[in-house]
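Worksheet for the structure shown next.
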Amino acid sequence: MFVGLYRGKQKHAVCLIFLTWLYDMKQNDFEHMLERAFGNHVNKIIVTGGSLSESKEALALARQHEKLHCTVGVHPTRCNEFDDDPDKYMQDLHDVIQDGKSDGKVVAVGEFGLDYDRLEFCDQKTQQTYFALQFELARTSRLPLFLHNRNTGSDFYDIVSRHRDDFRVGVVHSFTGSIEEAKQLLDLGLFIGINGCSLKSQESLDVVKSIPIDRLMLETDAPWCDIRPTHASYAHVKTHFDTKKPEKFAAGVGVKGRNEPCAMIQVLEVVSAIHGMDIADVADTVYETTARVFFP
């Protein structure tokens, strides 16, 4: 999720969030995607788990590549999976975390939180119940949190506040809230994750500008959340990548409409521009923050 460049040269690792959608890709395309990422200063990728089965797959994938790591947790839209036997489901998540911690592959608990934009998958009460429950994973593992929050009013903040003693640190990824919401999260000691979905309008750019650079983390959230020509942020993008439509797929070239980790540089370019800072200084600061949280 994060970039580390220094004075135009690669000095640090780059880590980006890349969801377990990878399993739907052709293996050759997957390897080419990694080549594009690593060829553009990416040095670590965090694969996010959104359910028990997905977390297991993410860990298996991370163990196939030295530069891949993962999270373990249950996305709010998947919280119904707890219902049959919450205790067993929690124990199974705990076991995956402990397994992955043993070789440094599991680096965070998540992706978990609340999402009121997609209640057709899981109702508010169920989401709240199992959001709160998963803080036990953070308490026992002492891993950082990888959090999800969409249109939840004060509910997300209230639940995190009640469980503040259960975790050390965390990031609210793909942030799309207001300046006031960002301030509340910062006051809880959390970091704010920014990607293309965070940079759509001028209002959203103003929100990102209000967040101190040393409290930001940058991410792609690939294969989603790319920066598009219709976004206010697009004017600040300087780096572009060749792509082809899916039906004209060619090995070694990206797929049109599908975000990739190599596009991290675009997020960095936008954030640097709206903060009026040198791109290398922003990259260096964000890298140090990211390494401290996920790779201490």
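Hey, can you tell me all the residues within region 145-171 that are more than 18 Å from residue 117 (Cβ to Cβ) and assigned to a helix (DSSP H, G or I)? Walk me through it before giving the result.
Of the residues in region 145-171, the ones more than 18 Å from residue 117 (Cβ to Cβ) are 145-146, 158, 160-171.
158, 160, 161, 162, 164, 165, 166, listed by residue number.
With surrounded by 14 or more Cβ atoms within 10 Å (Cβ to Cβ), within 27 Å of residue 218 (Cα to Cα) and over 18 Å from the mean Cα position of the chain (by Cα) as the only criterion, which of 101, 105 stands out?
101 is the lone residue from the list that is surrounded by 14 or more Cβ atoms within 10 Å (Cβ to Cβ), within 27 Å of residue 218 (Cα to Cα) and over 18 Å from the mean Cα position of the chain (by Cα).
Which of the residues that make up region 79-100 are within 19 Å of residue 121 (Cα to Cα) and assigned to a helix (DSSP H, G or I)?
79, 80, 81, 82, 86, 89
When you scan region 9-24, do you find a residue that is farther than 22 Å from residue 287 by Cβ, in contact with a helix residue (DSSP H, G or I) (Cβ under 8 Å, 6 or more places away or on another chain) and modelled with pLDDT of 90 or more, even just one?
No - not one qualifying residue is present in region 9-24.
Kindly indicate whether any position in region 172-187 is in a loop (DSSP other than H, G, I, E, B) and at pLDDT below 95. Can you show your working first?
Pass one, region 172-187, residues in a loop (DSSP other than H, G, I, E, B): 173-178.
Add one more test, that the residue is at pLDDT below 95, and what stays is none.
No.
Let's see how each residue does on (1) in contact (Cβ under 8 Å) with a residue 24 or more places away in the chain; (2) in contact with a Gly (Cβ under 7 Å, 6 or more places away or on another chain); (3) at negative phi:
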site: 217; (1), (2), (3): yes, yes, yes
site: 234; (1), (2), (3): no, no, yes
site: 239; (1), (2), (3): yes, no, yes
site: 264; (1), (2), (3): yes, no, yes
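If you check every pair at least six apart or on different chains, which have Cβ atoms under 7 Å apart with a residue in region 152-176 that is farther than 21 Å from residue 207 by Cα first and a residue that is at pLDDT 95 or above and polar (S, T, N, Q) second?
159/128
Test each condition in (1) touching a residue at least 40 places away in the same chain (Cβ under 8 Å); (2) assigned to a loop (DSSP other than H, G, I, E, B); (3) within 19 Å of the chain's Cα centre (by Cα) for residue 122 and report the one that comes out false.
Failing condition for residue 122: (3).
If residue 296 meets every condition in (1) modelled with pLDDT of 95 or more; (2) surrounded by fewer than 20 Cβ atoms within 10 Å (Cβ to Cβ); (3) not aromatic (Phe, Trp, Tyr) apart from one, which number is that one?
With (1) modelled with pLDDT of 95 or more; (2) surrounded by fewer than 20 Cβ atoms within 10 Å (Cβ to Cβ); (3) not aromatic (Phe, Trp, Tyr) applied to residue 296, the lone miss is (1).
When only residues in region 201-248 that are of a type in the set (Gly, Ala, Ser), assigned to a helix (DSSP H, G or I) and within 20 Å of residue 265 (Cβ to Cβ) count, which is farthest from the chain's Cα centre (by Cα)?
The residue in question is 235.
The values are calculated or read from the model by the stated rules, or taken from the named source; none is laboratory data. Because the structure is predicted, anything quoted here is derived from the model rather than measured. Neighbour counts are summed over all protein chains in view; Cβ atoms, including those assigned to glycine, are modelled from backbone coordinates with ideal geometry.
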